[in-house]
Structure formats: structure tokens, C-alpha cells
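Single-structure report; data block below.
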Amino acid sequence: MDYEPPFQETYKSFLQNSFDESEDKNLFMVEECELPLINLSQLNLEQLGRDKCIKEIAQAARQWGFFQVVNHGVPQEILNNLQYEQKMVFHLPFEKKAEEKFLNLSTNSYRWGNPEATSLKQVPWSETLHISLADISRMDKRNSLRSTIDAFGTTASTLAQRLAEILAQSLGIESNFFRENCPPKSSYIRMNRYPKCPLASKVFGLVPHSDSNLLTILYQDQVGGLQLMNDRRWFKVKPNPKALIINIGDLFQALSNDAFKSIKHRVVSPQGVERFSAAYFYCPSNDAVIQSYTEPAMYRPFTLIEYRQQIQKDVQDTGDKIGLSRFLLSNNISPKIVSNS
């Protein structure tokens, strides 16, 4: 179909090489899990009910790094519209999507595969539209995608700030950190499409990774495919049509001094059907200082822009993100920060 990215042609040399599963015997061995399901309407109860809900949120963030929420305040109509709009935009011709100023967004908003990959295991069999909330105003006002993304971003931002403040308070961190350092336009929305994959046993839809933000809010369809690592085992997450999935990002792990974990997760490639999801990435401004709020601190203070630059360098050098370990105080190797130019 003319909307499919040219995966097989682009990664032909990787696909010709056999995929050595012996490198990781547990690569495709998974168990099913029931993520903690938290009813956020309890936050509107009297103190006892509210405290119980806050405790559940903090416990899930500590034990899993992932949890599900219902009665979250994001209207189902907005989520339905978002799913419809992303299907429409991803089914545009590939040449149109690959244009430099597609939808009047910043260059490289539309992405697929991994141009830095050095092996098949580093190639995500998916395409994404990565949109900064600051860029939404550039989109054509007549485009219904713009109003839908704007509505999702507004409601998801409110939810993310609320959850971030709850998690911070459970650790004794000043909750005004987020109001002062996380303006709405510093966050992102990423829409994902996972095409039918003829090589589902050899390639991931999204390779194992952790998120480089504070919190992620994920809305997914009912196809399934999300998997996460806990206690060195992979677990598959059963979709819940009424729930949003929340996960801790690298920056919150650093803020919490490892009380909360930014867990590795991945998406397996669908075989007979395409899959869609959309994520809201709650981020601070580029110059906001991230530092551990308890002693002894595990990480040196750093900014978001430093973190992104280090990731960019590592991906260019190795094809992989290294992440928070670069900023450990026990790490004697000082990471080099590349310029923004």
C-alpha cells in the first residue's frame, strides 16, 4: 500500500542475516500481568479515601513503574477522536508523510524505523508523529487533527500534573516544582502506528527502552502488544478499554532518587492487524534542573537539554540509548555534552 514505509527495502541487509535469539533466551518469553488499576475518583472522597488512593498510586510507582487509571478526566470522546484522526493521517501516502514540513510541523516530526540502527534488534517496525505542544499552533486550523491533538494535550496535561504532584508529595518533594518548571508547551504528544509485520518473530514494533521524560500517559487500542520488564522478566499488558496507562520516566526516577523506577518496556510487532496508540510525554522546560531530592543523591544535577544531548550522542555512537547511568554520581566518566547545532 502506498502509505507503508519501505521497511523491507531499507533494512534488507539486516533481514538477510539470521536473528540470533540465543543472545537473549528470554527475548520473547513473557507472562501476562494485571497492572494496578486505580480509580482516580477516590481523590474526590474524604481524607481517608483520598489517602488510600494516594498510597495506591505511590505503591504502584514503586513496585511496577506502571499503573492504569480510570475516571481520569480525559473524555472518551477525545480519545475516540484521536484514534480516528491518527488512522487518517497515517494512511496518507508515504511520500506525503515524509515531506520536510508535513502538516506544517517541525522537521523530523514524522519518523519511522531507526536511521542509526546497527542491527535488526534496533529497528522499530513502526511509524510515529512526534508533536511538540508548542507546534500545534502551526498546524492548519481547518485540520481536525489540530483541534483533536490540542484537546488531548490540554486534558492529559492536567492529569499528568495532578499525578506528578501526588507522587512528589508522597516523597516529600515540593509539588510546586512541576508548576514552576513544566509549562504546557514543553510537553509532547506522540502518535504511533504499528503496521502488520511479516517478521513479527524477528523484529519489535518498538524496541526495549525507557522514557526520557517525567511521566507518560498512554492510550492504546485493544490489539495489545505492550510489554514491560519487572524483576528481570517480561510481562505483557492486557489492554483495558476504559483505562489510561501511566508510567514513570527517567527524569522522575532521578528526582525520586530511585524510589520510583523508569521501567524498560517494548511493543511486539502485530502480525495480522495494525496497532495504534498515542502517548503524552510530560516534560519540564529544557533548562529546568533535575536533581535527586533525598540524600545521599544518586545522580548529579542535570537539565533536560543535557540529557537529550547525551542520548543523541549515545544513539549516534552505538545505536542505543544509555540513559540515566550516564549521570550517576558514582560514574567516574563525565558524559560529554554535544552542542545543539
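Every number here is computed from the coordinates shown, using simple stated rules; none is lab data. Being a predicted model, the structure only gives us computed values, none of them experimental. Neighbour counts are summed over all protein chains in view; Cβ atoms, including those assigned to glycine, are modelled from backbone coordinates with ideal geometry.
I want the local charge near ILE217. Using Cβ-Cβ distances under 13 Å, sum +1 for each Lys or Arg and -1 for each Asp or Glu among the other residues.
Here the charged neighbours net out to +1.
Mean 1/r over all different Cα pairs, inverted: what Kirkwood radius does segment 49-185 give, in Å?
Final number for the Kirkwood radius of segment 49-185 is 17.8 Å.
For segment 26-101 and segment 222-289, write down the distance between their C-alpha centroids in whole Å.
Cα centroid of segment 26-101 versus Cα centroid of segment 222-289: 9 Å apart.
What is segment 36-165's relative contact order, in percent, from Cα pairs under 8 angstrom and six or more apart in sequence?
Relative CO of segment 36-165 lands at 22 percent.
Of MET139, MET88, MET191, how do they rank once you tally other Cβ atoms within 10 Å and put the fewest first?
MET88, MET139, MET191
Within a 10 angstrom radius of the beta carbon, how do VAL267, VAL70, VAL273 rank from fewest other beta carbons to most?
So the ranking, lowest neighbour count to highest, is VAL273, VAL70, VAL267.
Only helices at least 27 Å long along their own axis, judged from Cα atoms, and with Kyte-Doolittle mean hydropathy of -0.5 or greater: name those in the chain from DSSP H.
144-171
Which whole-number percent gives the relative contact order of segment 25-286, counting Cα pairs below 8 Å spaced six or more residues apart?
26
So for segment 187-253, what percent of the C-alpha to C-alpha distances run longer than 13 Å?
So the portion of pairs separated by more than 13 Å is 73 percent.
For the peptides 122-128, 35-41, 311-317, what is the packing order when you average, over each peptide's residues, the other Cβ atoms within 10 Å and list the highest mean first?
Ranked from most to least packed, the peptides come out as 122-128, 35-41, 311-317.
How would you rank 145-152, 319-326, highest first, on the average number of other Cβ atoms within 10 Å across their residues?
Per-residue Cβ counts within 10 Å, averaged per peptide and sorted highest first, yield 145-152, 319-326.
Per-residue ellipticity at 222 nm for the chain, helices alone: DSSP H runs ≥ 4 residues times -39500 (n - 2.57), over residue total, nearest 500 deg cm²/dmol?
That comes out to -9000 deg cm²/dmol.
Going down the table (LYS12/LYS97; LYS236/LYS321; LYS101/LYS313; LYS101/LYS261; LYS55/LYS264), which pairs top 27 Å between alpha carbons?
Pairs exceeding 27 Å: LYS101/LYS261.
Restricting to DSSP loop positions (anything but H, G, I, E, B) with no more than 11 other Cβ atoms inside 10 Å of their own Cβ, which trypsin sites (Lys or Arg not before Pro) remain in segment 175-241?
Of the trypsin sites (Lys or Arg not before Pro), the ones in loops of segment 175-241 whose Cβ has at most 11 other Cβ atoms within 10 Å are ARG232.
Can you order the peptides 286-294, 258-266 by their average number of other Cβ atoms within 10 Å per residue, highest first?
258-266, 286-294
Roughly how many Å is it from the Cα centre of segment 178-213 to that of segment 116-147, as a whole number?
Rounded to whole Å, the Cα centres lie 10 Å apart.
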